[in-house]
Structure formats: C-alpha cells, structure tokens
C-alpha cells in the first residue's frame, strides 16, 4: 500500500521522542548503513545538552569554583585532531559560544533552501522537501549507525579505498568538527527513490516507491 502524504504527516505528528529505523541507506559518498534514529528532539535541547556535556568532559573547577579548561583532557583531543593545546582551547570556546548564541537567537539567520513538510505536536520540524524537490529530508538524532553487518562491510571497504575523505585544514577547525560530531548528534537524511530500502517510524513503513507519489501529491496541493 502506498503511503499517502497525510499518513506521513500524521506519523511525524506523533513521533516526538520516538525511535525510528532507516534501512540500507546510501549516503552521498556511497556508503551503506542501517541507522537507529530518534525523531522529534528539538534543536534547542540538543544545544543545551551539548553545552552541559562538553563542559563536563573538558572543563574542571579551580580552587575558586570557576570552570577552567582541563588541559590534560584537552591535550588528548589535540592528539586526536592534530592540534595544539591553544587551538583546542580556542576551538572549544568558539564552538560553545556559537551553540550559546544559537540558543539565545543571536546567530545570523540563514536563507533556507528547503521547504517545511511536517512537524511534531511539539512544533519540532522533522521533514522537509529538499532543495531540488527530488527527495524528503528527515532531521533526527542518530543513536547508532551499523556499517559492517547485513553484507555492507565489503561494499563499504571498497568505497573507503576510492573515496577521499576531506577534512578541515587547520587544527582549530578539526577540533570544532570533532566537537560537533561528539556533542551534536543531529543529522539530516535525504530519502530518495533509489537510496534506501525502508524507513520505519510510529507504525509507518515508508518505502522507496512512496517517495515520488508523495512529492507529486505535495506539488498538486501547492497548485490547488
């Protein structure tokens, strides 16, 4: 049975905080994976948790009860990211300031290229039409990514051999990227007719064959 746009919207509406599964997803670099997701967690909560957890992990209190950088732990991060201690401290301060300004609403507003499609009862936007109108973006929090099982290991190993990973050039930029990966686990997956096998959420099972009819239905609604 083909999933209708209203069925999809209703599932998203009820999805706040629920878990979902994305099966045999192929990312833009060609890697295959199964992904366990949590849908409907607000961006604001993620930012607040990132500030709390990063301070817990990488700061300590001095004798006056003031939070200061934990140089030992930050030096470990520096080794991972090929960065000096000064670069780690600067990256940490700047990234946390960026998260805080997002919470405060002082970040410059970006011109969005996607179109809102569905949100939860708590007004958390989960789904959008992607910028070229060929797929549906699902914004969620990643809980686990499996790239080794289900026959993916050999395929992904071949992709890894031929796909060059691009990383930031400076130590400070590499640390910022590490901080975002570690503490901000939100991600957007674009579902198209040819890049996944199934998306299960809130009693709904979305298949690749559902995507184009849903996009057509959405376009018809815009011109009605």
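The values are calculated or read from the model by the stated rules, or taken from the named source; none is laboratory data. Keep in mind that this is a model prediction, so the values were computed, not measured. Cβ placement follows ideal geometry from the backbone for every residue including glycine, while neighbour counts extend to all protein chains displayed.
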Original post:
Would it be correct to say that residue 128 is part of a helix (DSSP H, G or I), within 20 Å of the chain's Cα centre (by Cα) and surrounded by 14 or more Cβ atoms within 10 Å (Cβ to Cβ)?
Top reply: no
Original post:
List the pairs whose first member sits in the stretch 1-15 and is farther than 17 Å from residue 128 by Cβ, whose second member is assigned to a loop (DSSP other than H, G, I, E, B) and modelled with pLDDT under 90, and whose Cβ atoms are under 6 Å apart, counting only residues at least 6 apart or on separate chains?
Top reply: 14/202
Original post:
Which condition number does residue 28 fail, the rest of (1) within 15 Å of the chain's Cα centre (by Cα); (2) loosely packed, with under 15 Cβ neighbours inside 10 Å; (3) within 28 Å of residue 150 (Cα to Cα); (4) touching a residue at least 24 places away in the same chain (Cβ under 8 Å) being met?
Top reply: (4)
Original post:
Of the residues 196, 189, which is part of a loop (DSSP other than H, G, I, E, B), on the phi < 0 side of the Ramachandran plot, in contact with a strand residue (DSSP E or B) (Cβ under 7 Å, 6 or more places away or on another chain) and modelled with pLDDT of 90 or more?
Top reply: 196
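Conditions tested, residue by residue: (1) closer than 30 Å to residue 54 by Cα; (2) in contact (Cβ under 8 Å) with a residue 12 or more places away in the chain; (3) out of contact with any helix residue (DSSP H, G or I) (no Cβ under 7 Å at 6 or more places or on another chain).
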position	(1), (2), (3)
123	yes, no, yes
139	yes, yes, yes
145	yes, yes, yes
175	yes, yes, no
209	no, yes, yes
213	no, yes, yes
Original post:
Within the stretch 1-59, which residues are in contact with a helix residue (DSSP H, G or I) (Cβ under 6 Å, 6 or more places away or on another chain) and assigned to a loop (DSSP other than H, G, I, E, B)?
Top reply: 2, 3, 30, 31
